[in-house]
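Notes for the one structure printed next.
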Amino acid sequence: MTWNIHGGAPWGGRRNLDRVKEIVAAHDPDVVALQEVDSRRSAAEAISAFDDLADGLGGYATHAKTIIAPDGEFGHMLISRFPLTGTRTHDISMEGRERRAVIDTLVDAPGGRLHVIAAHFGLGFAERRHQASFAAEITRPEASATIMLGDFNEWQWRGAVRQVLLQALPERTPERTFPAHLPLLSLDRIYGRPAGLIAKSFVDPAGRRASDHLPLIADIDLAAIAHA
């Protein structure tokens, strides 16, 4: 599952991470990537958004905090039901642009070791091309399959991100996720390899209660890959 939670606030609404946790928990994902996790709030909040989501959803968690300020932190995170090993965070920022990073880890799932890359790309054309090219080169030979998931911020049908990533990751989800109230753009995606890895995918309209993006969910068939 991947979801840009917009700090836990729907379009024009107030932040409520309990709604985010409720919607994620309803799908009970083995792996979930959450973007725009924002703990930059008043000191009255006893726990940061990163800790709140990790504690509330359980499992194993890692994060990429791209903004660290006196009033809190901002970035994205990955939560897994299964242990994470060899986790790395890669800085993919371009000079003069907002800091960006990708999380690169191995998930020790029962069906096999899964290489997971969680991303939140930038808004500029050249920036996204650079970030996609970097992410596509990340490999883990010890994994039986790879997925890359996140908010890729690309609205063009034949944009550079799609062209670059599909060469390395031939599987791709097609669902539209943004804006949540009337989805027109496929900003949020799940890519994968080998072919046949993604069995099905869908969005959850309930996500509009908690963010300006819809959550994207995919079934990953590691068993089919193992017996192919």
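The values are calculated or read from the model by the stated rules, or taken from the named source; none is laboratory data. Note that the structure is predicted; figures quoted are calculated from it, not measured. Positions of Cβ are generated from backbone atoms using ideal geometry, with glycine treated the same way; all protein chains shown enter the neighbour counts.
Going through GLU137, GLU154 one at a time, which residue ends up being without any contact (Cβ under 8 Å) to a residue 40 or more places away in the chain, under 26 Å from GLY86 (Cα atoms) and out of contact with any strand residue (DSSP E or B) (no Cβ under 8 Å at 6 or more places or on another chain)? Every option except GLU137 fails the conditions. Contact map, the range 206-219: residues that are touching a residue at least 24 places away in the same chain (Cβ under 8 Å) and under 12 Å from VAL31 (Cβ atoms) paired with residues that are surrounded by fewer than 24 Cβ atoms within 10 Å (Cβ to Cβ) and of a type in the set (Phe, Trp, Tyr), Cβ distance under 9 Å, separation 6+ or inter-chain. Pairs shown: ILE217/PHE202; ALA218/PHE202. Scanning the range 52-61 for residues that are at pLDDT 95 or above and surrounded by fewer than 18 Cβ atoms within 10 Å (Cβ to Cβ) yields ASP55, GLY56. Every test in (1) among the basic types (Lys, Arg); (2) free of Cβ contacts under 8 Å to residues at least 12 places away in the same chain; (3) buried (at least 22 other Cβ atoms within 10 Å of the Cβ) is passed by ARG100 save one, and that test is (2).
Scanning the range 51-73 for residues that are under 17 Å from MET1 (Cα atoms) and assigned to a helix (DSSP H, G or I) yields LEU53, ALA54, GLY56, LEU57. Does ARG128 satisfy the condition of being of a type in the set (D, E, K, R), buried (at least 18 other Cβ atoms within 10 Å of the Cβ) and farther than 24 Å from VAL24 by Cα? Judged against the criteria, ARG128 is a match. Within 28 Å of PRO183 (Cα to Cα), outside any helix (DSSP H, G or I) and not aromatic (Phe, Trp, Tyr): is that true of ARG40 in this structure? Answer is yes for this residue. A single member of ALA135, ALA126 is closer than 19 Å to THR105 by Cα and not in a strand (DSSP E or B), and it is ALA135. Pairing residues of the range 160-176 that are without any contact (Cβ under 8 Å) to a residue 12 or more places away in the chain and within 13 Å of LEU187 (Cα to Cα) with residues that are assigned to a helix (DSSP H, G or I) and of a type in the set (A, V, I, L, M), at Cβ distances under 9 Å and at least 6 apart in sequence or on separate chains, gives ARG162/ALA132.
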